[in-house]
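Undergrad: Okay, here's the structure, questions in a sec.
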Amino acid sequence: MNGSPILSLHDAHPDIAIDALSRHVGPVLLDLDETLYLGNSTEDFIDCAHPGVAALLLLRLLDMIKPWRWTGGESTRDSWRVRLVSTFFPWTHRRWRKRVTSLAARFTNQRLLNAVKSRGSSPIIATVGFDGIVTPLVAAMGLPEAVIVAARVNHWQDRRGGKLDLVVGALGEDVVKASLVITDSVQDLPLLNACARPLRTTWPQARFRHALSAIYLPGQYVSRVKRPGERYIFRGILQEDFAYWVLSSIALAAIPGLHLLGLLFLLISFWAVYERGYVDNDLVAERYESHPKLTSAFFDAPVATPAVQPWIWALACGYLGILLLRWPGAATPQDLATWMAALGLSHLSFLLYNRLDKTTRVWMYVGLQFARTTVFAALVPISPVGALALAAHVMARWLPYIIYRLGQRSWPDAPLCLIRLFFLTLLMSMLALTEGLSLLMNWTTLALFGWTLLRARTELWAVLKAAHFLSKPKVEPRQ
């Protein structure tokens, strides 16, 4: 039930909706997705795209760019998704037409369909789904004569205007005013307010399944389940870990461009395995902790979490990464064995971490951060100042975790980038004291310190602005 007082007047149990449908004299407008069809036609259509990995990569790229910002906002997102899938995977429509029969058999709301057919007249299917997708599905559900009002995939306004505008444009206001409307969507409030008999009904059997959710892709769990909405791959991995991988080693590379690309493949390889630790962490928390910290996405299961496929990705991407790093030489079996052993050790460490008590985890956490920060060094040489930068990166991650586990109940709002800057400055100073400034007089030092300073600039400025001299003496309270 929606909390809106106006909407609550329209909410009805399925039994009430069926009874009202049998009694109504006049047109009947039925929503399709999660009402007459107990799924989502758009998601199920996109799920037909093949090959699935390529289609999923396209959709993730689309989610990063968000082109619907220029066509009317979130309401046009599905228009972009369907258009691009249809363009790059044109055989999807053929696969969809073959699949609708089985989907209709599994997900037709038979109770509602039987009530509609008992009236002896065809209903009006009103949906903001897309006509080319909806039409074969409705026919497969046993309503080939039904009037269908649906959005056109090439017309942004059909999605921007909403269902009321679609229906009025196709059938006229008089039909709407005389109609009984059954829908599950809170977005249909304008249509519900305009019709003769409004019924917002949610059906217990309805399910929303994300398109291509059975397709595995590295990074999906951490970005969509563990840290949804944080752009963690870009902000927490590429701008943090990967940047330090590159800056600490690229000066020693024979071919910098191939070195950069090789490290990127190693990053994908590593995270395919390391991410499994996050999956295991959530599963252990759900099973053993009284108050596990799990996101809502964990229960929605929007992404695949297979056990074997991550290792296949890790092996393939690791091999490609080694080929690029060793070019024009050859990747040796020893290189690949070393890399897979490093991944295996990291994974086992994560599994052990997940099964220890939270106080002991403090001391394991630094090992996990060490693994994700330095694992590439199993194959790639790094400079001395690069080693210091990686150490500063590890310590800056570990310090807030110590505070979190041993002091606070929630993660502290610590200036992580500034902490890393101070650690790096301290370690560089120690190196200069023991070995002389000559080891720091190079482009790698400048790049690493410059990047660390750039990342810390906002936090550093906030500290400097807040700093002030103590100018007023303490006033003792009178006795």
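The values are calculated or read from the model by the stated rules, or taken from the named source; none is laboratory data. Since the model is a prediction, treat every value here as computed from it, not as a measurement. Cβ coordinates were reconstructed from backbone atoms using ideal geometry, including for glycine residues, and neighbour counts include every protein chain displayed.
Undergrad: Report yes if Leu143 is modelled with pLDDT under 95 and assigned by TED's automatic domain parsing to the domain that holds Thr295, otherwise no.
TA: no
Undergrad: Here are some residues: Asp165, Asp158. Which one is in contact with a Leu (Cβ under 7 Å, 6 or more places away or on another chain), in the same structural domain as Pro27 (by TED's automatic domain parsing) and among the acidic types (Asp, Glu)?
TA: None of the others qualify; the one that does is Asp158.
Undergrad: Among Val303, Val273, Val366, Val362, which is the only one that is touching a His at 6+ places or on another chain (Cβ under 6 Å) and hydrophobic (A, V, I, L, M, F, W, C)?
TA: Being touching a His at 6+ places or on another chain (Cβ under 6 Å) and hydrophobic (A, V, I, L, M, F, W, C) holds for just one of Val303, Val273, Val366, Val362, which is Val273.
Undergrad: I've got another one for you. Can you name the number of the only condition in (1) within 30 Å of the chain's Cα centre (by Cα); (2) outside any helix (DSSP H, G or I) that Pro381 fails?
TA: Tallying (1) within 30 Å of the chain's Cα centre (by Cα); (2) outside any helix (DSSP H, G or I), Pro381 fails exactly one: (1).
Undergrad: Which condition number in (1) among the aliphatic types (A, V, I, L, M); (2) in contact with a Ser or Thr (Cβ under 6 Å, 6 or more places away or on another chain); (3) in contact (Cβ under 8 Å) with a residue 60 or more places away in the chain is the one that Val284 fails?
TA: Evaluating Val284 over (1) among the aliphatic types (A, V, I, L, M); (2) in contact with a Ser or Thr (Cβ under 6 Å, 6 or more places away or on another chain); (3) in contact (Cβ under 8 Å) with a residue 60 or more places away in the chain leaves (2) as the failure.
Undergrad: Out of (1) closer than 24 Å to Leu388 by Cβ; (2) touching a Lys or Arg at 6+ places or on another chain (Cβ under 7 Å), the odd one out for Val284 is which?
TA: (1)
Undergrad: Looking at Ile255, Ile215, which is the one that is farther than 25 Å from Leu352 by Cα, surrounded by fewer than 17 Cβ atoms within 10 Å (Cβ to Cβ) and β-branched (Val, Ile, Thr)?
TA: None of the other options fit; the residue is Ile255.
Undergrad: Now, a different point. State whether the residues of the range 6-27 include one that is in contact with a Cys (Cβ under 6 Å, 6 or more places away or on another chain) and in a helix (DSSP H, G or I).
TA: Within the range 6-27 (the criterion being in contact with a Cys (Cβ under 6 Å, 6 or more places away or on another chain) and in a helix (DSSP H, G or I)), the answer is no, since none of the residues qualifies.
Undergrad: Among Arg159, Arg209, which is in a helix (DSSP H, G or I), under 33 Å from the mean Cα position of the chain (by Cα) and of a type outside the set (Phe, Trp, Tyr)?
TA: After ruling out the rest, the residue left standing is Arg159.
Undergrad: Right, another one. Consider only pairs whose beta carbons are under 8 Å apart and that are at least six residues apart or on different chains; among these, list those whose first residue lies in the range 463-477 and is under 30 Å from Asp413 (Cα atoms) and whose second residue is in a loop (DSSP other than H, G, I, E, B) and modelled with pLDDT of 70 or more.
TA: Within 8 Å, the pairs are Val463/Pro415.
Undergrad: Give the residues of the range 276-309 that are of a type in the set (Phe, Trp, Tyr) and either under 14 Å from Ser223 (Cα atoms) or in contact with a helix residue (DSSP H, G or I) (Cβ under 7 Å, 6 or more places away or on another chain) (or both), sorted by residue number.
TA: Matches in the range 276-309: Tyr278, Phe298.
Undergrad: Within the range 229-243, is even one residue free of Cβ contacts under 8 Å to residues at least 60 places away in the same chain, part of a loop (DSSP other than H, G, I, E, B), on the phi > 0 side of the Ramachandran plot and of a type in the set (Gly, Ala, Ser)?
TA: Yes: one or more hits.
Undergrad: A further question follows. Just for the range 420-471: of the residues that are part of a loop (DSSP other than H, G, I, E, B) and at pLDDT below 85, which one is nearest to Ala243 (Cα to Cα)?
TA: The qualifying residue nearest to Ala243 (Cα to Cα) is Gly436.
Undergrad: Within the range 117-149, can you find the residues that are touching a strand residue (DSSP E or B) at 6+ places or on another chain (Cβ under 8 Å), among the charged types (D, E, K, R) and part of a loop (DSSP other than H, G, I, E, B)?
TA: The one that is touching a strand residue (DSSP E or B) at 6+ places or on another chain (Cβ under 8 Å), among the charged types (D, E, K, R) and part of a loop (DSSP other than H, G, I, E, B): Arg119.
Undergrad: Please determine, by comparing only the residues of the range 212-228 that are part of a loop (DSSP other than H, G, I, E, B) and of a type outside the set (Gly, Ala, Ser), which one is nearest to the chain's Cα centre (by Cα).
TA: Residue satisfying both the conditions and the ranking: Pro228.
Undergrad: Report whether or not Ser102 is in a helix (DSSP H, G or I) and crowded, with 18+ Cβ neighbours inside 10 Å.
TA: Judged against the criteria, Ser102 is not a match.
Undergrad: Somewhere in the range 295-304, is a residue charged (D, E, K, R) and either over 24 Å from the mean Cα position of the chain (by Cα) or crowded, with 16+ Cβ neighbours inside 10 Å (or both)?
TA: no
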